[in-house]
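Asker: What follows is a structure written as structure tokens; I'll ask about it next.
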């Protein structure tokens, strides 16, 4: 319960915070799912406590932030739950200090991102196994837990975030932002939250805040393996188009975003190719970029089918593979024979040339009109690394 008083000193009505404004980690609802993890953590702490009793490490530790704020906790628990604390305490504790049981002081001056609330909640979790904090403190707690390498707390918070996304008890965009801002890209716990948000992709897309997403947030969301199936290709592509329409100044990020669209899964359907190229005309300067990605997808699809066991000894007659004038070409096989490229009755398909004036992209057959030479040294253009350059 929370109480407040007016300026005149008259007691106000008793007020209760909204249920979702207070986080309990791990919450009572999740305890049945997290019982095994908590038991493991408690057992690890118990081992350290017993070791402390036998060996003699009974010291308490005073943890001091750069601003002077401090917390106290048993050294054995801190070393049990945090690799950072283990290293810092080991560096500070001499044999004389350990034997005397004096308090050990550890300074976190090189960790400016850790706030008072973050440190307090991390230390409270280490000592009690459960914490309560307001939702607006979520990022402070998550940053402190990650920087201090209290992995069990990071895991529990991210599980809670994912559950809240799936239960619609917290906005997925805000929780996704917290995970992206507080955790490194390689974090499996960050990916857990991202995958939870990916399940709610349609809700995120329908949100009026979708067009305001940062590039980093959108890129992380589209990178989820849950959105890589063929049924998602056009939806993801159209979402990128919509975002670029609302953020034309970020056209430099188009290649990075399109790299998450698995065009290869649908490139064999002519209607899909035409639809993709037509849609690209809705964003200035996007057409040539999409054209390159479609050519890469055709090449990747060709290589996949060429390596497929069922196609290894069969002629490839798909209209997206056959090159006009190459009906008599032969290719060596792994067995030493040759693999013929059969002519396609539908003609050869090429990605339509980009025309910024035309209102729609068209396909063109070159079966009997023009010969095409293939550069044997051609390979897909290398994509710029994420974050390179600026808009």
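The values are calculated or read from the model by the stated rules, or taken from the named source; none is laboratory data. Bear in mind that the values here come from a model prediction, so they are computed numbers and not experimental data. Note: ideal-geometry Cβ built from the backbone for every residue, glycine included; neighbour counts use all protein chains shown.
Asker: Select from the stretch 60-78 the residues that are part of a loop (DSSP other than H, G, I, E, B) and surrounded by 15 or more Cβ atoms within 10 Å (Cβ to Cβ) and write down the one among them that is farthest from the chain's Cα centre (by Cα).
Answerer: Taking the stretch 60-78 first, the residues part of a loop (DSSP other than H, G, I, E, B) are 65-69.
If we keep only those that are surrounded by 15 or more Cβ atoms within 10 Å (Cβ to Cβ) as well, we get 65, 69.
Values: 65: 30, 69: 33 Å.
Result: 69.
Asker: Looking at the stretch 260-278, can you tell me whether even one residue there is crowded, with 20+ Cβ neighbours inside 10 Å, under 25 Å from the mean Cα position of the chain (by Cα) and touching a residue at least 40 places away in the same chain (Cβ under 8 Å)? It would help to see each step written out before you state the result.
Answerer: Let us first name the residues in the stretch 260-278 that are crowded, with 20+ Cβ neighbours inside 10 Å, namely 261, 263-264, 266-267, 273, 276-277.
Add one more test, that the residue is under 25 Å from the mean Cα position of the chain (by Cα), and what stays is 261, 263-264, 266.
Now drop any that are not touching a residue at least 40 places away in the same chain (Cβ under 8 Å), which leaves 264.
Checking the stretch 260-278: at least one residue is crowded, with 20+ Cβ neighbours inside 10 Å, under 25 Å from the mean Cα position of the chain (by Cα) and touching a residue at least 40 places away in the same chain (Cβ under 8 Å).
Asker: Okay, next question. What about residue 265, is it farther than 21 Å from residue 174 by Cβ and at pLDDT below 95? Spell out how you get there, then give the answer.
Answerer: Numbers: farther than 21 Å from residue 174 by Cβ: yes; at pLDDT below 95: yes.
Yes, satisfied.
Asker: Step by step: first the residues of the stretch 79-110, then only those that are touching a strand residue (DSSP E or B) at 6+ places or on another chain (Cβ under 6 Å) and in a loop (DSSP other than H, G, I, E, B), then the one that is farthest from residue 120 (Cα to Cα). Which residue is that?
Answerer: Checking each candidate, the answer is 93.
Asker: Please indicate, with yes or no, whether at least one residue in the stretch 238-252 is in contact with a helix residue (DSSP H, G or I) (Cβ under 6 Å, 6 or more places away or on another chain) and closer than 23 Å to residue 187 by Cβ.
Answerer: No: zero hits.
Asker: Being buried (at least 22 other Cβ atoms within 10 Å of the Cβ) and either more than 15 Å from the chain's Cα centre (by Cα) or closer than 30 Å to residue 252 by Cα (or both): is that true of residue 208 here?
Answerer: no
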